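Here's the structure, in structure tokens; my notes come after.
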Amino acid sequence: MPSKTEGSSTGPAKRMTMSKEYKRTLITTALPYTNGPVHIGHLAGVYVPADIYARYLRLAGRPVTLIGGSDEHGVPITLKARAEGVTPQDIVDRYHALIKKSFEELGISFDIYSRTTSDIHTETASEFFRRLYDKGEFIEQTSEQLYDPEAGQFLADRYVTGECPHCHNPKAYGDQCEACGTSLAATDLINPKSTITGATPVLKSTRHWYLPLDKWEPKLRQWILEGHKEWKSNVYGQCKSWLDMGLQPRAVSRDLSWGVPVPVEGAEGKVLYVWFDAPIGYISNTKELLPDSWQTWWKDPETRIINFIGKDNIVFHCIVFPAMLMAYGDNFQLPDNVPANEFLNLEGDKISTSRNWAVWLHEYLADFPGKQDVLRYVLTANAPETKDNDFTWRDFQARNNNELVAILGNFVNRVVVLTHKYYGGAVPAAGKIQDIDTQAYAELASLKESLTDNLENFHFREALKDAMGIARMGNKYLQDCEPWKVVKTDPERVATVINVCTQICASLAIAMEPFMPFMSAKLCRILGMDKVEWNEIGTELIAAGTMLGQPELLFEKIDDETIKAQTDRLEAIQKENALRAWQPAPVQKECTIDDFQKLDIRVGTVEECARVPKADKLLVFKINDGTGKQRTIVSGIAQHYVPEALVGKQVLFIANLAPAKIRGIVSQGMILSALNANGSLTVTSLLSKGSDGAQVK
């Protein structure tokens, strides 16, 4: 294998360069709302990809700052506080601490993770608004907005629910229908209701400030449609759609009590709209981290700014925030790229905070201690980069057991075990190089080139395949060379094979660091590696004579019981959600008393009850109907009742249905039962004992 200083046609290719070289990279991540924990959808969409890219740049020796923080304003937080009977500050303090700790434990390497309730953010956001206000960049408009007459306050979008005008979901919010995904205005809803009091809101005049996006449309068109055709198709396409529809002024203030107060006279009771306030958090958090040099990271053309977001944030980061920066001026730089992923679903259903349908990061970390990298790996391998993807616990288990354990962990363990077995743990010197060794070096160089290219272009799923390709290649090389057989006849050859395998392990430790930093650190410790750099992939990193640590398993198998515990939890949540969402079936079309009297409903005692052979759903009843003869009735309730438990019970049945043959049994009626909210059936019976054969009147 080529050394760090040697050139070689099979050595690592030079890293791909951008059309413009930058001195530094500023990476921002969408600010999560602190009305709840973060879940795997947030991680797959924003935080794991951003961390992968930041870690790669650091390994490549390129200056980078990763900025994160909590979005602590907005209506979802006030709704949560109202529901719990606490203050909004109580809510954000609780979840900011939880989210920050969870990110740290997952290895998201923020240089700062701050919050929008900080003093420096309030100062920065207020100054930003005031500068635009003083420059005359806002339009003041009076408009009719929904107002709750009982609460005595205007209603922000999320304080209004009603029927979606598109899909007729009865529980749509005033800003979006979660059933069909359509963006809405609160005034679009059919039969709107206030979430505060349940009152029907009325329209009332209120004055607000608007940012005239239409003024900046020509510059936005030029910047995006002409200057950034390399953006991901989902980002570029959504921006083009908004621009082609024509931009309209957008409100930057709201009638609320929670948020950054609008810093002008006559604005009492008004705060900055959260989507004006929140992206300024990127700037204020940078100022907090780098008070003396923050402007270099935001205003120097030699800084490349990358915004990692989810697809629901595209318009705010590509249209609204850039227009704000344009209006502010003072050489604020616009993002060079905005990599936005699609959505990650869970077990075939959309992740939903309100329905608790999610895998919460803090719960995962508690349930799977020491397995942070497994989650990072699975979320990257299944990343929704070009389309919505699905997370399933079975896939999670399979990727851990069949890829991390069986391929990556297996290769490293075999190499370390063989080194200890044959050489007492000391890495042997390589001897004569054969064609198979040269081919391994060449494949490693090719994988590094592809890996680097994919990372540079934000194709992290493909990049992970390249990194895993190194482990696959190492396994194949080791298997083809068969040192456990050759050692008997050619021990010098085995020394070369083990040396090459050790160098592959070292390259693997570097290549995997952006994706699985905990595993990488462990592998570096086993291999005796200190500081590593990206350009060292494919070089001779481990000197002959280096003592390797004792063999350790990098990954452990996850058993079926562990996975079942997670799927059982989700099944329980599904049942809870069904109960909450259940509503009685609509009352059927009116009937007359004559219609009702056509049904002969009677009381009977169950004397015998048994399952119908080869039928999962059917029970056969023998009922005393008061005539002195047993009546046979077949009923499809076997999944809800044990036959023996029904013997001796009195039930109601329809006595005058025409007999029907079911599975060869003549059924002489129908047992009455009710379908409950949880999907179970309850057989209809009397509150107190009645006479067999008595009619229901």
One finds the C-alpha centres of the range 88-119 and the range 360-410 to be spaced, in Å, by 24
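Test of understanding: what is the full-extension gain from A521 to D616, defined as 0.36 nm times their sequence separation minus their Cα-Cα distance?
Stretched out fully, the A521 to D616 stretch lengthens by 28.8 nm.
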Rounded to whole Å², per residue accessible area for the range 590-688 with a 1.4 Å probe reads 60
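For A179 and A578, compute 0.36 nm times the residue count separating them, minus their Cα-Cα distance, and round to one decimal in nm.
Working: separation 399, 0.36 × 399 = 143.64 nm, distance 1.50 nm.
Length gained, A179 through A578: 142.1 nm.
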Between the modelled labels at L681 and E590 (7 Å from Cα along Cα→Cβ) the distance in nm is 3.2
Along principal axes, largest first, the alpha-carbon spread of the chain in whole Å comes out as 102, 83, 42
Distance in Å, no decimals, from the C-alpha centre of the range 520-537 to the one of the range 429-480 is 16
Expected unfolding gain across E268-T627 under the 0.36 nm per residue rule, minus the alpha-carbon gap, is 121.1 nm
FRET efficiency for V417 and D453 from the Cβ-Cβ distance with R0 = 30 Å, rounded to 0.05, comes out at 0.30
One finds, for M326 and Q439 with R0 = 51 angstrom and r their Cβ-Cβ distance, a FRET efficiency to the nearest 0.05 of 0.40
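Tell me which DSSP H helices of the chain clear both cut-offs, 20 Å or more of axial length from alpha-carbon atoms and a mean Kyte-Doolittle hydropathy of at least 1.0. Before the final figure, lay out each step's value.
Working: long enough: 88-106 (27 Å, -0.59); 119-134 (22 Å, -0.88); 274-289 (22 Å, 0.09); 435-456 (32 Å, -0.50); 460-481 (32 Å, -0.45); 491-511 (30 Å, 1.11); 560-581 (31 Å, -1.02).
Going by DSSP H runs, the hits are 491-511.
Using only DSSP helix segments of four residues or longer, with each worth -39500 (n - 2.57), what per-residue ellipticity at 222 nm results for the chain after dividing by its residue count and rounding to 500? Could you put the intermediate results ahead of the total?
On the way: 21 runs with 258 residues, N = 697.
Here the helix-only value at 222 nm equals -11500 deg cm²/dmol.
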Looking only at lysines whose Cα falls under 26 Å of K564's and that sit 8 or more positions away or on another chain, we get K350, K371, K575, K617
Hits in the range 388-414: amide N under 19 Å from the 7 Å Cα→Cβ extension of A565, namely 392-401
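Can you give the FRET efficiency for A83 and S143, using 1/(1 + (r/R0)^6), R0 = 35 Å, r = Cβ-Cβ distance, to the nearest 0.05?
Details: r = 29 Å, r/R0 = 0.82.
For A83 and S143, the calculated efficiency is 0.75.
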Mean shadow area (nm²) of the C-alpha convex hull around the range 587-697 is 7.9
Taking a straight Cα-to-Cα line shorter than 25 Å from K421, and setting aside same-chain lysines fewer than 8 residues away, one finds K432, K476, K485, K488, K522, K557
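The values are calculated or read from the model by the stated rules, or taken from the named source; none is laboratory data. Because the structure is a prediction, the values reported are computed rather than measured. Ideal geometry is used to build each Cβ from the backbone, glycine not excepted, and the neighbour counts take in all protein chains shown. For accessibility, only protein heavy atoms count, side chains too; no ligands or nucleic acids. Shrake-Rupley method; radii C 1.70, N 1.55, O 1.52, S 1.80 Å.
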